[in-house]
Amino acid sequence: MKKIVVVEALKMALEKKLYEAQEAANSARQDAIHEQSAAETQYDSLSIESGYLAEGQSERVEQAHRAINAFESVFKAEVNDAVSEGALIKLSDEEGAHFWYFIGPVEGGLKIMILEAQVLVLTLQSPLGVALKEKVLGDDVEFEFNGSKQVFYIDEVL
């Protein structure tokens, strides 16, 4: 797998997330100021609820902008042989199954598909990220998951 392809796919996924957040925020703002949202009685809270929703959606837009900015610096970072932010790693388990992870600063859990392979964004603060931090090609990685010990082998660090 080529890291540049993963980086471009991640950029597109983050831009899509930003676009969706912007659309939701615009819709919520329009609902909040629409004439049908005006309170008809002192107990009518539709306009207040619409305002809170618009505020929350605007916060999602800000979070998306922060994520894009955080990834920009990681995309440009040089990666050495050790697992660190910006690394694309391939792990295999004891049964021989392969897993691809991109070590990102935020957005852990974001998934992208590259051909037939899924790449999952992983942060170094996650349980697997903590176990992987500073490991190098060929190392075994052990960590607890759902009450059982998992063992992975680092096949590639790009």
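The values are calculated or read from the model by the stated rules, or taken from the named source; none is laboratory data. Worth saying up front: this structure is predicted, and the values here are computed from it rather than measured. Cβ sites come from the backbone with ideal geometry, for glycine too, and all protein chains shown count toward neighbours.
Please verify whether the range 145-158 includes one or more residues that are in contact with a Phe, Trp or Tyr (Cβ under 8 Å, 6 or more places away or on another chain) and free of Cβ contacts under 8 Å to residues at least 24 places away in the same chain.
yes
For the range 91-132, name all the residues that are over 11 Å from the mean Cα position of the chain (by Cα) and among the charged types (D, E, K, R).
Across the range 91-132, the qualifying residues are 93, 94, 95, 116.
Given the criterion modelled with pLDDT of 90 or more and out of contact with any Pro (no Cβ under 7 Å at 6 or more places or on another chain), identify the matching residue among 63, 42.
63
Test residue 53 against the criterion of being at pLDDT 90 or above and either in contact with a Phe, Trp or Tyr (Cβ under 6 Å, 6 or more places away or on another chain) or hydrophobic (A, V, I, L, M, F, W, C) (or both), and give yes or no.
Criteria not met by residue 53.
One line per residue, one yes/no per condition, for (1) exposed (fewer than 13 other Cβ atoms within 10 Å of the Cβ); (2) at positive phi:
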| site | (1), (2) |
| --- | --- |
| 80 | yes, no |
| 88 | no, no |
| 130 | yes, no |
| 137 | no, no |
| 147 | yes, yes |
| 157 | no, no |
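How many residues, within the range 88-128, are modelled with pLDDT under 95, over 17 Å from residue 4 (Cα atoms) and among the charged types (D, E, K, R)?
Matching residues across the range 88-128 total 3.
Can you tell me which residues in the range 90-104 are surrounded by fewer than 15 Cβ atoms within 10 Å (Cβ to Cβ) and in contact with a Leu (Cβ under 8 Å, 6 or more places away or on another chain)?
98, the sole residue that qualifies.
Taking only pairs six or more apart or across chains, which ones have beta-carbon atoms under 8 Å, a first residue in the range 118-134 that is basic (Lys, Arg), and a second residue that is in a loop (DSSP other than H, G, I, E, B) and at pLDDT 95 or above?
Pairs found: 133/124.
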